[in-house]
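Structure record follows, encoded as structure tokens.
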2 protein chains.
Amino acid sequence: MTSSGAVALVAHETPLVLAFLRRADDALILGHRTSEWTGRAPLLEEELALANIALDLIGQARVLYAEAGAITGQTEDQLAYLRDAPAWRNALIMELPNDDFAFSIARLLMVSAASDLFWRAATASTHAGLAAIAAKAEKETAYHVRHAAEWLVRLGDGTAESHRRAQDALDALWPYSGELFEVDAADRALIDTGVLPDAGRLRPAWDAAINDTLARATLTRPSPGWMQSGGRLGRHTEHLGHLLAEMQFMQRVYPGATW
Amino acid sequence: MTSSGAVALVAHETPLVLAFLRRADDALILGHRTSEWTGRAPLLEEELALANIALDLIGQARVLYAEAGAITGQTEDQLAYLRDAPAWRNALIMELPNDDFAFSIARLLMVSAASDLFWRAATASTHAGLAAIAAKAEKETAYHVRHAAEWLVRLGDGTAESHRRAQDALDALWPYSGELFEVDAADRALIDTGVLPDAGRLRPAWDAAINDTLARATLTRPSPGWMQSGGRLGRHTEHLGHLLAEMQFMQRVYPGATW
């Protein structure tokens, strides 16, 4: 780790590679967390819904890794399975453990609402590969937002217990929301050339969407306060290490899976 | 448990209800086991494939539970989440832990090859609901067979290590294959009226399909021997109890999930 806190453990981590990795890692880690609900969801219908959402996210990760790998000369599996935690670029909110169902739903809403705005804006990217990925991803995340919002309203406007759990989840997650809109120097170069949307400018639309859902859910928007940061540069919680240990076990035991 | 070993913990467990439950439980338990690979598979592409297979199986379980529940007056979620192990009717092979990748693939092949033959035959069922379910399920299981067979050939005809693991998996699984073709008195009544295919008569076609794949995989078919039994009557391994504890936790904490 350099003194600036920046870590470049991925070969040729140019701003464009970094941009693809950040989105790919977001999708894969949240996809992994979402898949953990399969076989544990409160309803069979919800098992299928969450498993489908996990599939969408893992699918998004694959095409984003393919774009990054086309530049660095790595395969999607090398990028997914052979990087240690400091080389991961996902926002910290993705890696937090699922906790209870309310927590997972509140996270899915917060993240998907931001992703949906990002992908919608990215359909106009000057990078043809990114624009094509965005066009498909936007349709998927639009559904993820609707699904999570319906559940959050059901939880918030449900029993005293479900309301309390939903509010606790929101309060715990809120400090992780700032990272979804961070823009650094690497992003800036790409924003100026029309490759990347300016994530910072998506915040007002996200606020409006979240406020609308919270009102319907009779939940209180947490006060703004100190925000967590660091995931985009590879400074992660201990939870990512545990998740990677599980996710990467097979590839590390059988490198290249050439069996 | 009665002295005959038969357990009827499901309300109104007529032969038809039992037939639906046996197939539904097979699909849900194997779907659960398959979903456990999400986030742990050796390749990203394989994560998606296994997650899709799990989705197919859980989807099959839902429609089968709906048919059973229409007779007993229970919902699919009551059937999936509120029965204790002795009321489960799946074949024992479904509930065995995943062990290594070779074991999971060998099981998927053995089970899917039997299911595919069953569903294909059941498309001619005199029960319109079962025939409709079978028409969709057969397309899905045909793909599961192809996917598992491709992998088993890759493993068996791969490295010395992958060959050994695949052979060990086959040997361990073989005693559980007999249950896939069991026919009891409850089935017989439905077979005679054209509702159910005669599972026992599917065995030669299964043998041929398995032998063909094993030959391509350079694997040795295990010798016939003593066969496990009991799952169809509710006598399960300890593994089912652990699986149900995880799967049913949410519904039992929040009955009806009315939050």
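The values are calculated or read from the model by the stated rules, or taken from the named source; none is laboratory data. Worth saying up front: this structure is predicted, and the values here are computed from it rather than measured. Methodologically, a virtual Cβ is constructed for each residue, glycine included, from the backbone with ideal geometry; neighbour enumeration extends over all protein chains shown. SASA here: full protein model, heavy atoms, side chains in, ligands and nucleic acids out. Shrake-Rupley method; radii C 1.70, N 1.55, O 1.52, S 1.80 Å.
Brief remarks on what is shown
- Normalising the Debye intensity of the stretch B:1-121 to I(0), with uniform scatterers on Cα atoms only, and taking log10 at q = 0.14, 0.15, 0.17, 0.20 Å⁻¹ returns -0.62, -0.70, -0.87, -1.11.
- Chain A - Rg (one decimal) and Dmax (whole number), Cα, Å: 17.8, 54
- Distances between copies of B:Arg216, taken at a point 7 Å out from Cα along the Cα→Cβ vector and listed shortest first: 4.9 nm.
- Label-to-label distance, nm, for residues given as B:Thr220 and A:Asn98 (7 Å Cα→Cβ offset): 4.2
- Three principal axis extents of the protein assembly as shown based on alpha-carbon atoms, in descending order, are 72, 56, 35 Å.
- Expressed as a whole percent, the accessible surface of chain A that belongs to carbon and sulfur atoms is 57, based on a 1.4 Å probe.
- Part-to-part distance (alpha-carbon centres) for the stretch B:183-259 and the stretch A:26-98, which is given in Å: 32
- With each label modelled as a point 7 angstrom along the Cα→C-beta vector, the A:Arg154-B:Ala160 pair spans 5.5 nm.
- Exam field: A:Thr193 pseudo-label spacings to other copies (7 Å along Cα-Cβ), nanometres: 7.2
- 1.4 Å probe, heavy atoms, protein only - residues of the stretch A:37-66 losing at least 40 Å² accessible area vs chain alone: A:Thr38, A:Gly39, A:Arg40, A:Pro42, A:Leu43, A:Leu44, A:Leu48, A:Leu55, A:Ile58, A:Arg62
- For B:Met227, the point set 7 Å out from Cα toward Cβ sits 6.3 nm from its twins in the other copies, listed from shortest up.
- Solvent-accessible area per residue for the stretch B:29-92 (1.4 angstrom probe, square angstrom): 26
- For the stretch A:208-225, Karplus couplings with θ = phi - 60° (6.51, -1.76, 1.60), whole Hz, Gly/Pro x: 5, 5, 5, 4, 4, 5, 4, 4, 5, 8, 6, 10, 9, 5, x, 5, x, x
- Buried solvent-accessible surface, both chains (A, B), 1.4 Å probe, Å² to nearest 100: 3700
- With a simple spin-label model that places each label point 7 Å from the Cα along the Cα-to-Cβ direction, the separation between B:Asp84 and A:Phe249 comes to 3.1 nm.
- Simple Cβ-charge dipole of the stretch A:132-259, Lys/Arg +1 and Asp/Glu -1, about Cα centre, in debye nearest 20: 160
- Residue of B:Phe118, B:Phe249, B:Phe181 that the Gaussian network model of chain B assigns the largest fluctuation, springs spanning Cα pairs under 10 Å: B:Phe249
- Neighbouring partner chain Cβ atoms per residue of A:227-234, average, 10 Å criterion: 0
- Max mean-square fluctuation residue, GNM over chain A, Cα-Cα springs under 10 Å, options A:Ala185, A:Ala209, A:Ala121: A:Ala185
- Radius of gyration and Dmax over the Cα atoms of the stretch A:101-251, both given in Å: 16.7, 50
- Karplus (6.51, -1.76, 1.60) ³J(HN,Hα), θ = phi - 60°, over the stretch A:49-55, in Hz, Gly and Pro reported as x: 5, 5, 5, 5, 5, 4, 4
- The equivalent ellipsoid that matches the C-alpha gyration tensor of the stretch A:171-247 spans semi-axes of 24, 22, 11 angstrom, in descending order.
- Here the calculated FRET efficiency for B:Asp192 and B:Lys136, from their Cβ-Cβ distance with R0 = 22 Å, stands at 0.30, rounded to the nearest 0.05.
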